[in-house]
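Written below as structure tokens is the structure these notes are about.
The values are calculated or read from the model by the stated rules, or taken from the named source; none is laboratory data. What you see is a predicted model, and the numbers here were worked out from it, not measured in a lab. Counting neighbours? That spans all protein chains shown, and the Cβs are built from the backbone with ideal geometry, glycine included.
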Amino acid sequence: MPRSVIHVPSYPRGWQRPERPSSFRILPSLPEKVNEPAHRGTREFHMGRLHEVTNISWGSRTVERLSEHLLTCAGDASPAWHALYTRYQHEKVTARILTDKGFEVFLPLYSASHRWKDRMKQLSLPLFPCYIFLRGGLDRRLDILSTPGAHSLVRSCGQFAVIPEQEIEAIRQVVGLCVSAEPHPFLNCGDHVRVKAGPLAGIEGILSRKKDQFKLILSVDLLHRSIAVEVDGAAVEPVNKR
């Protein structure tokens, strides 16, 4: 029976086997055009997502690593206010989770009495149902939209819509003073007035009158939503809107 012979490869003196890399480094910079070669990789679309394929040499072998890139903004130039559309009756839960994630959230609420079975109950309800206001944070859109209850960020003309600062501050002032406020049908025409005295001094809106009651209508034009605040008719003055 012939003996088995084991062939042992011969290596030159001083030769060492290359070590296997513990991790692969993906280049952070990407070319502007898809499939344009980078320093050591290319960008490709795979399963509807943008990836980077990087060639890494390991001995005589070449390893291709597919790395998915999430396209987000490089950062917000200014902390503008944006509106997040949520599922019905999920505003509070979504706002609380976003706050825990480190976002600046504004959810204006008002107190309303509702009859529940055999008793009356005071509830805190959103002044703008199905909407939450966020300050900045668009560079973390994935964190925002993956939050339970979050549906989409409001857009206008293909861009993320910006809520004017003065509209947010007026609503903040009303909520902070705990004055009587409630949702109101959207109103963008009428007598523009400014409150000249009292806790709401300086706030501008549209004056609505029903019998002997005067209400100041504050609107978020982008959302076509309004709220009504009770005011003294003698404490307002007309404002010329150009």
- Item | Test result for Ala95, in contact with a helix residue (DSSP H, G or I) (Cβ under 6 Å, 6 or more places away or on another chain), more than 23 Å from Gly202 (Cβ to Cβ) and surrounded by 12 or more Cβ atoms within 10 Å (Cβ to Cβ) | no
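Quick grid of which residues meet (1) of a type in the set (Phe, Trp, Tyr); (2) under 18 Å from Glu91 (Cβ atoms); (3) assigned to a loop (DSSP other than H, G, I, E, B); (4) within 27 Å of the chain's Cα centre (by Cα):
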position	(1), (2), (3), (4)
Thr147	no, yes, yes, yes
Glu169	no, no, no, yes
Val174	no, yes, no, yes
Val179	no, no, yes, no
- Does Gly137 satisfy the condition of being in contact (Cβ under 8 Å) with a residue 12 or more places away in the chain, among the small types (Gly, Ala, Ser), more than 23 Å from Arg225 (Cα to Cα) and outside the structural domain of Leu218 (by TED's automatic domain parsing)? yes
- Note on the structure: Just one listed residue, out of Leu123, Leu142, is within 18 Å of the chain's Cα centre (by Cα) and of a type in the set (A, V, I, L, M), and it is Leu142
- Query: Hey, Ser60 hits all of (1) under 27 Å from Glu230 (Cβ atoms); (2) modelled with pLDDT under 95; (3) of a type in the set (Ser, Thr, Tyr) but one; which does it fall short on?
  - Reply: (1)
- Can you name every residue in segment 181-202 that is over 11 Å from Leu216 (Cβ atoms) and within 26 Å of the chain's Cα centre (by Cα)? Glu182, Pro183, Pro185, Phe186
- With the condition kept exactly as written, say whether any residue in segment 83-90 is of a type in the set (Lys, Arg), in contact (Cβ under 8 Å) with a residue 40 or more places away in the chain and within 20 Å of Pro183 (Cα to Cα). yes
- Query: Counting just the residues of segment 149-167 that are surrounded by fewer than 17 Cβ atoms within 10 Å (Cβ to Cβ) and part of a helix (DSSP H, G or I), which one comes out nearest to the chain's Cα centre (by Cα)?
  - Reply: Glu165
- Query: Name the residues in segment 201-216 that are part of a loop (DSSP other than H, G, I, E, B) and either among the small types (Gly, Ala, Ser) or closer than 17 Å to Asn240 by Cβ (or both), would you?
  - Reply: Ala201, Gly202, Ile203
- Quick one: how many residues across segment 201-242 are more than 24 Å from Tyr131 (Cα to Cα) and not basic (Lys, Arg)? 17
